């Protein structure tokens, strides 16, 4: 049950950030500027920009790959694969870089919740998936 919840959080985060990111890549490549969604710049104007890392097509594309990996992790977790557990934990630091760099607080919340569910499953329930 915990792993399935973690899988849903992973898929939600991956699709929730990945779909807009795919459009943002296309928009930036075509228009040469950050896509504005509901009055907010998508994947621009976060800490990356403030420290001098401009949003670029390669940067967004890398984040899109991370989002696709997160969806894959969700599928692996749903399948009760131990690989999903370990890939989810290994992917977290890279996700954190992008969530913080693009100022995406909901990504952090979803990622922390997913990680807590996985760790509880591993260490409290003694290896439901391991």
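For the structure I just gave you, tell me whether residue 117 is surrounded by fewer than 16 Cβ atoms within 10 Å (Cβ to Cβ) and on the phi < 0 side of the Ramachandran plot. Here the answer is no, as residue 117 does not meet what is asked. Please enumerate the residues belonging to the range 87-102 that are buried (at least 16 other Cβ atoms within 10 Å of the Cβ) and either at pLDDT 95 or above or in contact with a helix residue (DSSP H, G or I) (Cβ under 6 Å, 6 or more places away or on another chain) (or both). Those that are buried (at least 16 other Cβ atoms within 10 Å of the Cβ) and either at pLDDT 95 or above or in contact with a helix residue (DSSP H, G or I) (Cβ under 6 Å, 6 or more places away or on another chain) (or both): 87, 88, 91, 92, 95, 98, 99, 101.
With (1) touching a helix residue (DSSP H, G or I) at 6+ places or on another chain (Cβ under 7 Å); (2) not in a helix (DSSP H, G or I) as the list, and residue 52 as the residue in question, which single condition is left unmet? Every listed condition holds for residue 52 apart from (1). Of all residues in the range 1-27, none that is on the phi > 0 side of the Ramachandran plot and modelled with pLDDT of 95 or more has its Cβ atom under 6 Å from the Cβ atom of a residue that is in a loop (DSSP other than H, G, I, E, B) and surrounded by fewer than 19 Cβ atoms within 10 Å (Cβ to Cβ), 6 or more apart or on another chain. Residue 34 versus (1) surrounded by fewer than 19 Cβ atoms within 10 Å (Cβ to Cβ); (2) at pLDDT below 95; (3) over 30 Å from residue 2 (Cα atoms): which is the lone unmet condition? If we test residue 34 against (1) surrounded by fewer than 19 Cβ atoms within 10 Å (Cβ to Cβ); (2) at pLDDT below 95; (3) over 30 Å from residue 2 (Cα atoms), just (1) comes out false. Being within 10 Å of the chain's Cα centre (by Cα) and either under 28 Å from residue 122 (Cβ atoms) or modelled with pLDDT of 95 or more (or both) is a description that does not apply to residue 84.
Among residues that are touching a helix residue (DSSP H, G or I) at 6+ places or on another chain (Cβ under 6 Å) and at pLDDT 95 or above, residue 77 is included. When 71, 97 are checked against the criterion of being under 11 Å from residue 10 (Cα atoms), part of a helix (DSSP H, G or I) and out of contact with any strand residue (DSSP E or B) (no Cβ under 9 Å at 6 or more places or on another chain), a single residue qualifies: 71. Report, by residue number, each residue of the range 46-64 that is closer than 21 Å to residue 111 by Cβ and either modelled with pLDDT under 90 or surrounded by 13 or more Cβ atoms within 10 Å (Cβ to Cβ) (or both). Listed by number, the residues that qualify are 46, 48, 53, 55, 59, 60, 61, 62, 63, 64.
Taking the criterion of being outside any helix (DSSP H, G or I) and touching a helix residue (DSSP H, G or I) at 6+ places or on another chain (Cβ under 8 Å), the residues of the range 34-49 that qualify are 34, 35, 37, 42, 43, 46.
The values are calculated or read from the model by the stated rules, or taken from the named source; none is laboratory data. A quick note: this is a predicted structure, and the numbers were derived from the prediction, not measured. As a convention, Cβ positions derive from the backbone with ideal geometry for all residues, glycine included, and neighbour counts pool all protein chains shown.
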